[in-house]
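Novice: One structure coming up, written as structure tokens, with questions to follow.
The values are calculated or read from the model by the stated rules, or taken from the named source; none is laboratory data. Here the structure is a predicted model, which means the values were calculated and not measured. No Cβ is skipped: glycine too gets one built from the backbone with ideal geometry, and neighbour counts run over all protein chains shown. Heads up: the accessible areas ignore ligands, DNA and RNA and are worked out on the full protein's heavy atoms, side chains in. Shrake-Rupley method; radii C 1.70, N 1.55, O 1.52, S 1.80 Å.
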Amino acid sequence: MTDLVVPAADASDVPPGATTSAPSDAGLALVHDPAHGLTVTVRRHLDKAPVPEWRALAQQGGHPPFTGPDWLRAVHAHVGRGEPLLVSVRRDGRLLAFGAFALLGGPRPLLTFLGAGGSDYAAVLTDPDADVPAVRLVAAVLDGAVREAPGAFLDLEQVPAQGEQAEHVAAWARLRGYALRTLPQATVHSVALPATVEEYDASLGRHTRHEERRQWRRLAESGELAVADDLLEPVTVLRPHDPEAAADRLEELVTELAEVDDAHPHAERRRRPWRGASGRTLTEVLWTSPPGTVQLSGLRVDGELVAYAFCLAGPVALHGYVQSYRSRYATTGPGTLLLLRLCRRAVLTGYRELDLLRGDEAYKRRLHPVAHQTVRLVLTPSGRDALPALADRFALLRRTYRDEVRRSERLDRSWTVLAGALERARDEVVRRRPALPALPAPRLPRGRRRR
């Protein structure tokens, strides 16, 4: 572990003889000056990471759970690459900024955000209540990271294009002599939610509400219908006094979720989030996340899980990660019914946004969402010779092909099939060697059981 000291002073505190940059970057010019200020600690492992502080900092800054320790540690453990590199910026013991990176070797070291490829958002976290400008804190984090990996170039994925994060990174790049490329990466859809359920229902229109009631009736006629606002409740109840039984129940639940995905109408070209390394990742997230972070709801008919929705509750928005349903219930619209119920629960909880995350699926477009963009920021040290520059381009191409592949539907299907086959092969090798508030169940007419 390496301790670096950088200042928290403003431009007015420049000591005699110190130099500053242009006024727009003056807040960064002192980051290397040890006159007084911030303590930067760099850890090259996830052991003893400041998990409670890390979690609280993400919450205070309004960042989604994809930037917090519960998600990123699970992603790195099961699908991540490289060596973790955690940068903490403190003053008087208080955590003001935090960056979670992964360091990959090669012709030149490469720094990415921890969990790159498996997270819908990424960011350097800063305390919004600190009296140090956020641009200065981001610079301190990046300085700490590149000191641990001299000469590294940075490939920072899934940075919101509309936020200040990209601007802060660009300011650091200008001052430190890094060439910056900003590449469009993903389209993210979100749905604005009103203040009350009554307003939400009115926004749906009469026809949609009529269809919703009709589909509830048809689904009830299929058998005994049960609505579960918290599929994790049995695990939560068991865990304090019988952790082993709780773990077994969680395994059974994950198996049910995977079976629903296998029975989806388009299962052959959908990814299987509950299988392989992805399934192990999500299972760990379910097990380790604090109560209320994960929302897992579902519909059962005669005890069989026929549809589910997996969401992560952030400080600003509810994030819909994945949902699925069994094809033989498609005519009753169980996915739509669950999504409408999910929106009403989000409104009751006080959310004003349902974030549907990456992807351009048809069901998202039917909700009339607002589209946002994420970008990847590629930072290369300037003044390098031709061979490292060529190696940089090759490494970036190798990391960028996934984004290009997913822009083509045909290539995307091929990639999904190949990825699934690789996951199953790896699983075979391995084998051989809390909750948002619930709504009352919908009032449904008594339907006949289907014999």
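Novice: Count, please, the residues in the range 110-144 that happen to be of a type in the set (Gly, Ala, Ser) and at pLDDT 95 or above.
Specialist: Within the range 110-144, the subset of a type in the set (Gly, Ala, Ser) is 115-119, 122-123, 130, 134, 139-140, 144.
Checking which are at pLDDT 95 or above leaves us with 122-123.
The total comes to 2.
Novice: Has the range 201-223 got at least one residue that is within 29 Å of the chain's Cα centre (by Cα) and under 21 Å from residue 329 (Cβ atoms)?
Specialist: no
Novice: Any chance the range 192-206 includes a residue that's exposed (fewer than 14 other Cβ atoms within 10 Å of the Cβ) and under 30 Å from residue 117 (Cα atoms)?
Specialist: The answer is yes; a qualifying residue exists.
Novice: Under 8 Å between Cβ atoms, at least 6 apart or on separate chains: pull out the pairs that start in the range 124-152 with a residue that is assigned to a loop (DSSP other than H, G, I, E, B) and end on any residue that is among the polar types (S, T, N, Q).
Specialist: Close Cβ pairs satisfying both conditions: 124/165; 127/60; 128/60; 129/60.
Novice: Of (1) modelled with pLDDT of 85 or more; (2) open to solvent by less than 30 Å² (accessible area, probe 1.4 Å), residue 56 satisfies all except one. Which?
Specialist: That leaves (2) as the condition not met.
Novice: While we're looking at this one, here's another question. Filter the range 312-338 down to residues that are touching a Ser or Thr at 6+ places or on another chain (Cβ under 8 Å), in a strand (DSSP E or B) and open to solvent by less than 10 Å² (accessible area, probe 1.4 Å), then give me how many there are.
Specialist: Start the filter on the range 312-338 by keeping residues that are touching a Ser or Thr at 6+ places or on another chain (Cβ under 8 Å), which leaves 312-313, 317-318, 329, 332, 335, 338.
From what is left, the residues that are in a strand (DSSP E or B) are 312-313, 318.
Right, trim to open to solvent by less than 10 Å² (accessible area, probe 1.4 Å) and you get 312, 318.
Within the range 312-338, residues that are touching a Ser or Thr at 6+ places or on another chain (Cβ under 8 Å), in a strand (DSSP E or B) and open to solvent by less than 10 Å² (accessible area, probe 1.4 Å) number 2.
Novice: Show the residue pairs meeting these rules: Cβ distance below 8 Å; 6+ apart or different chains; first residue within the range 56-70 and over 15 Å from residue 165 (Cα atoms); second residue among the β-branched types (Val, Ile, Thr) and part of a loop (DSSP other than H, G, I, E, B).
Specialist: Going by the 8 Å Cβ cut-off, the qualifying pairs are 65/293; 70/293.
Here's the yes/no breakdown for (1) touching a Leu at 6+ places or on another chain (Cβ under 8 Å); (2) at pLDDT below 95:
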residue	(1), (2)
161	no, yes
164	no, yes
167	no, no
190	yes, yes
196	no, no
199	no, no
205	no, yes
214	no, no
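Novice: Continuing with the same structure: For the subset of the range 39-85 comprising residues that are within 15 Å of the chain's Cα centre (by Cα) and of a type in the set (D, E, K, R), which member is nearest to residue 357 (Cα to Cα)?
Specialist: Per the stated criteria, the residue is 70.
Novice: Among the residues of the range 166-181, write down those that are surrounded by 15 or more Cβ atoms within 10 Å (Cβ to Cβ) and assigned to a strand (DSSP E or B).
Specialist: Scanning the range 166-181 gives 178, 179, 180.
Novice: Moving on to the next point. What are the residues in the range 201-256 that are hydroxyl-bearing (Ser, Thr, Tyr) and out of contact with any Lys or Arg (no Cβ under 6 Å at 6 or more places or on another chain), if any?
Specialist: The initial filter retains those residues of the range 201-256 that are hydroxyl-bearing (Ser, Thr, Tyr), namely 203, 208, 222, 236, 255.
Passing the criteria: 203, 208, 236, 255.
Novice: I need the full set of residues from the range 264-306 which are of a type in the set (Phe, Trp, Tyr) and open to solvent by 30 Å² or more (accessible area, probe 1.4 Å), in order please.
Specialist: So in the range 264-306, the residues of a type in the set (Phe, Trp, Tyr) come out as 274, 287.
287, the sole residue that qualifies.
Novice: Can you pull out the residues in the range 224-257 that are crowded, with 18+ Cβ neighbours inside 10 Å and assigned to a loop (DSSP other than H, G, I, E, B)?
Specialist: Residues satisfying the conditions are 229, 230, 231, 232.
Novice: Which of the residues that make up the range 133-150 are out of contact with any helix residue (DSSP H, G or I) (no Cβ under 8 Å at 6 or more places or on another chain) and either among the small types (Gly, Ala, Ser) or open to solvent by 10 Å² or more (accessible area, probe 1.4 Å) (or both)?
Specialist: Those that are out of contact with any helix residue (DSSP H, G or I) (no Cβ under 8 Å at 6 or more places or on another chain) and either among the small types (Gly, Ala, Ser) or open to solvent by 10 Å² or more (accessible area, probe 1.4 Å) (or both): 140, 144, 145, 147, 148, 149, 150.
Novice: Another one. Go through the range 339-370 and count every residue that is in contact with a helix residue (DSSP H, G or I) (Cβ under 8 Å, 6 or more places away or on another chain) and either open to solvent by less than 40 Å² (accessible area, probe 1.4 Å) or at pLDDT 90 or above (or both).
Specialist: 8
Okay, residues lined up against (1) more than 16 Å from the chain's Cα centre (by Cα); (2) on the phi > 0 side of the Ramachandran plot; (3) basic (Lys, Arg):
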residue: 272; (1), (2), (3): yes, no, yes
residue: 284; (1), (2), (3): no, no, no
residue: 287; (1), (2), (3): yes, no, no
residue: 290; (1), (2), (3): no, no, no
residue: 294; (1), (2), (3): no, no, no
residue: 307; (1), (2), (3): yes, no, no
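Novice: Just the residues that are among the small types (Gly, Ala, Ser), open to solvent by less than 10 Å² (accessible area, probe 1.4 Å) and over 13 Å from residue 71 (Cα atoms), please, taken from the range 97-119.
Specialist: Residues satisfying the conditions are 97, 99, 102.
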